[in-house]
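**Student:** Below is one structure. I have some questions about it.
The values are calculated or read from the model by the stated rules, or taken from the named source; none is laboratory data. Because the structure is predicted, anything quoted here is derived from the model rather than measured. Positions of Cβ are generated from backbone atoms using ideal geometry, with glycine treated the same way; all protein chains shown enter the neighbour counts.
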Amino acid sequence: MPVSAARCRWGLRALIMLLALAWPPGPAGAGLVITEGQGENLAHTYIQANKLRYDNSGQVTIFDLNQGTMILLQPARKLYWTGTPEDFAHQVKSAVDAQLDAELKALPEEERQVLKDDARRPALESPAKVAVKVERGAQVETLAGHQARKHQVFVEGQLIEEVWIAEDVDLGKELDPDKYAKLLLQTRSDDYSDWEFDPQVRALRTRGLEMKSVRMAVTGPEESAVVQKVEKKQLPDSTFAVPPGYKKATMAQILE
């Protein structure tokens, strides 16, 4: 099934937020398969030797941290796109802008220009720094067979997120922390808030695998997909490659 630009960005955000930002490096070992969600709505993350694959809702995203490249797969249509994270960010913006132009053509000129200017208004170059505090709590919950400790993130004194971290899951054996941090910055989108890049929040996610989180949204608490299983498994190279029979597509075709 075709995916929208928003859904594509959310899938990428879910992948990045599932993983940590900088684990201590260690020797390479067997790969990891992480399953999150519930019932039929399951997402799978595969990690091995500086490669990541995230499968969710008919969209597959693959990263090769050594090569600095990424692949988008659409199994239902047997289409794929490949390029660098910079290519991804640029081409998604171009495709979304083109779609916006097409949708605005039916509107009166004055209203069309107002909406276009608002949609394309650039973000502030230097956003105001906010006060962030992370507290490590005493509550521990067993999730997918791992002891996950609850942490709370406060922004300007207000609770903004609760995060459960399994400190015994060491992803540093499979991921280069510097290359992963670079990937995070390259693929940053408007889905991210500035506090998520605060050193305390980054340090929180260095402690292990994020098993679940709860965001305090305006409409009420929003719980992320909960990790259901963490498996150690040697993964074949084909896990991180374009399958045979797929046709190369443009970003506009991927986002249709």
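**Student:** Just to be sure before I move on: is GLU36 over 21 Å from PRO244 (Cα atoms), free of Cβ contacts under 8 Å to residues at least 40 places away in the same chain and over 13 Å from the mean Cα position of the chain (by Cα) in the structure I sent?
**Tutor:** Against the criterion (over 21 Å from PRO244 (Cα atoms), free of Cβ contacts under 8 Å to residues at least 40 places away in the same chain and over 13 Å from the mean Cα position of the chain (by Cα)), GLU36 does not qualify.
**Student:** Using beta carbons and a limit of 6 Å, which pairs, at least six apart or on different chains, have the first residue in region 233-245 and touching a residue at least 60 places away in the same chain (Cβ under 8 Å) and of a type in the set (D, E, K, R) and the second one surrounded by 10 or more Cβ atoms within 10 Å (Cβ to Cβ) and not in a loop (DSSP other than H, G, I, E, B)?
**Tutor:** From region 233-245, the pairs are LYS233/GLY31; LYS233/VAL33.
**Student:** For region 79-103, enumerate the residues that are surrounded by 14 or more Cβ atoms within 10 Å (Cβ to Cβ), in contact (Cβ under 8 Å) with a residue 12 or more places away in the chain, closer than 27 Å to GLY245 by Cα and not aromatic (Phe, Trp, Tyr).
**Tutor:** Passing the criteria: LEU79, THR82, GLY83, PRO85, ALA89, GLN91, VAL92, ALA95.
**Student:** Right, another one. Just wondering, is there one or more residues in region 127-139 that are under 30 Å from ASP101 (Cβ atoms) and either at pLDDT below 85 or touching a helix residue (DSSP H, G or I) at 6+ places or on another chain (Cβ under 9 Å) (or both)? Can you show your working first?
**Tutor:** Initial filter on region 127-139 (under 30 Å from ASP101 (Cβ atoms)): 127.
The next check asks that each one be either at pLDDT below 85 or touching a helix residue (DSSP H, G or I) at 6+ places or on another chain (Cβ under 9 Å) (or both); those that pass are 127.
The answer is yes, given that some residue of region 127-139 is under 30 Å from ASP101 (Cβ atoms) and either at pLDDT below 85 or touching a helix residue (DSSP H, G or I) at 6+ places or on another chain (Cβ under 9 Å) (or both).
**Student:** Taking the criterion of being in a strand (DSSP E or B), among the β-branched types (Val, Ile, Thr) and in contact (Cβ under 8 Å) with a residue 40 or more places away in the chain, would at least one residue in region 199-213 satisfy it?
**Tutor:** no
**Student:** Collect the residues in region 140-155 that are in contact with a helix residue (DSSP H, G or I) (Cβ under 9 Å, 6 or more places away or on another chain) and either closer than 20 Å to ILE47 by Cα or of a type outside the set (A, V, I, L, M) (or both), keeping them in residue-number order.
**Tutor:** Correct list: HIS151 only.
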